Amino acid sequence: MGMTMTQKILAKHAGLSEVHAGQLIQAKLDLVLGNDITSPVAINEFEAAGFDSIFDTSKVVMVMDHFVPNKDIKSATQCKQCRMFAKRFGIEHYYDVGTMGIEHALLPEQGLVAPGEAVIGADSHTCTYGALGAFSTGVGSTDMGAAMSAGYTWFKVPAAIRVNVTGKKRQYVSGKDVILTLIGRIGVDGALYKSIEFSGEGLKELTMADRLTVSNMAIEAGGKNGIFPVDDITREFLDGRVKREWTAYYPDDDAEYEQVVELNLDDIDCTVAYPHLPENAHPAREGKDIKIDQIVIGSCTNGKIDDMKAAADILKGRHLADGVRGIVIPATMNIYRECMKLGYTDIFLDAGCIVSTPTCGPCLGGYMGILAAGEKCVSTTNRNFVGRMGHIDSEVYLASPAVAAASGITGHITHPSELDI
């Protein structure tokens, strides 16, 4: 039996000719990632184990992004611990105030991940890098701590689901609508510990921004990872970013998939996930009766320049409805600068939004947009669990930047086409 993309990458990194679903392997790593919340725990475990070296100072990355700039003494202490650890061991890729961005947007931008590589991160949305044809997945901080020293970790080889993408995107439809539709169909446990592998003619309709969003939310379907094949869209994105050699892996014709899901882009419209699970997917056109208090446009899921453009195109010449707060968060410093250069920042400000420095902030209920009891937010983030963005009696509705912007203008969940643009 042949192998999937993920299985081929894992076999290579395990030094094996082949692997099969369920097999336990020890695989070398190309990158180990942590942030300001997870890295301190990993550092504590690293030191408790008596480790005294990093396996490769160019392959450990720490990004201070969740509570940065620091919101309180505890967050400042956590960042200080990471800063001192990075300096002690000479970690080359340490990002802090002024250089940082939201980790899963920053790493692809900086060319730190390439096709065929194996990446772990002490953050569940590390699966983002499957958009580049890499195997990437989230792990616990203890695993991160050990991997920083060893340079390898253990995996159970995942079984796979193939998602065959066909058709063409409708106007206003983006990767966020694609992944919310998929999760709505298979459920939050529909791909539990499985690799979600995308294929089909419809992939040419998905930009790199779309793919990064889709892979980012593979974990919301329970997936171990979500991965795309390398094509011309991938190569164009990598050109000038990744200067080292890399290898693209493709599934064998007889690769085994536990399930094949047909996803026709012609049938997908703007989609919103209602509280309190990403699987609770509804058409955006059905949300007119849901009044909102806040919109958040940003995060590792939808803080890229394409996302900023989608929001700016909707907000240009318009203003948020009375009583609606708007928070826009470009995902990296480069995207922040690009927003200013392209005039997006002025559009956001003129519309009544604030524009924040890159941070995860409100996504995890950290700061920069906490919700009070009874408040509702349309957010481009990736989770809408109970209390995710603040009070347990608040509600988060997941949507694309275009839908979030349109909803901010009307004061209720709105399909962008209803604005008669």
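The values are calculated or read from the model by the stated rules, or taken from the named source; none is laboratory data. As the structure is a computational prediction, the values presented were derived from the model and not from experiment. Note that each Cβ is placed from the backbone with ideal geometry, even for glycine, and that neighbours are counted across all protein chains shown. What goes into the accessible areas is simple: the full protein's heavy atoms, side chains included, and nothing from ligands, DNA or RNA. Shrake-Rupley method; radii C 1.70, N 1.55, O 1.52, S 1.80 Å.
Structure notes:
- Within the stretch 1-48, being free of Cβ contacts under 8 Å to residues at least 24 places away in the same chain and on the phi > 0 side of the Ramachandran plot holds for one residue alone: G15.
- Unmet requirement for V97, which otherwise passes all of (1) of a type in the set (A, V, I, L, M); (2) open to solvent by 60 Å² or more (accessible area, probe 1.4 Å); (3) farther than 18 Å from T359 by Cβ: (3)
- Of all the listed residues (D350, D307), the sole one being of a type outside the set (A, V, I, L, M, F, W, C) and buried (at least 24 other Cβ atoms within 10 Å of the Cβ) is D307.
- Extreme residue, nearest to the chain's Cα centre (by Cα), among residues of the stretch 116-170 that are closer than 27 Å to F85 by Cβ, assigned to a loop (DSSP other than H, G, I, E, B) and not hydrophobic (A, V, I, L, M, F, W, C): D123
- For D210, the criteria (1) of a type in the set (D, E, K, R); (2) crowded, with 20+ Cβ neighbours inside 10 Å; (3) not in a helix (DSSP H, G or I) hold in every case but one, which is (3).
- In the stretch 171-202, the residues that are more than 27 Å from D252 (Cβ to Cβ), among the polar types (S, T, N, Q) and under 18 Å from the mean Cα position of the chain (by Cα): S174, T181
- Conditions (1) open to solvent by 20 Å² or more (accessible area, probe 1.4 Å); (2) hydrophobic (A, V, I, L, M, F, W, C); (3) in contact with a Gly (Cβ under 6 Å, 6 or more places away or on another chain); number of the one not met by A150: (3)
- Hey, T332 touching a Leu at 6+ places or on another chain (Cβ under 6 Å) and β-branched (V, I, T) or not: yes
- In the stretch 56-70, the residues that are under 15 Å from Y152 (Cβ atoms) and either touching a strand residue (DSSP E or B) at 6+ places or on another chain (Cβ under 8 Å) or surrounded by 18 or more Cβ atoms within 10 Å (Cβ to Cβ) (or both): K59, V60
- Selection within the stretch 321-332: residues that are open to solvent by 10 Å² or more (accessible area, probe 1.4 Å) and in contact (Cβ under 8 Å) with a residue 60 or more places away in the chain. The member of this set that is nearest to the chain's Cα centre (by Cα) is V324.
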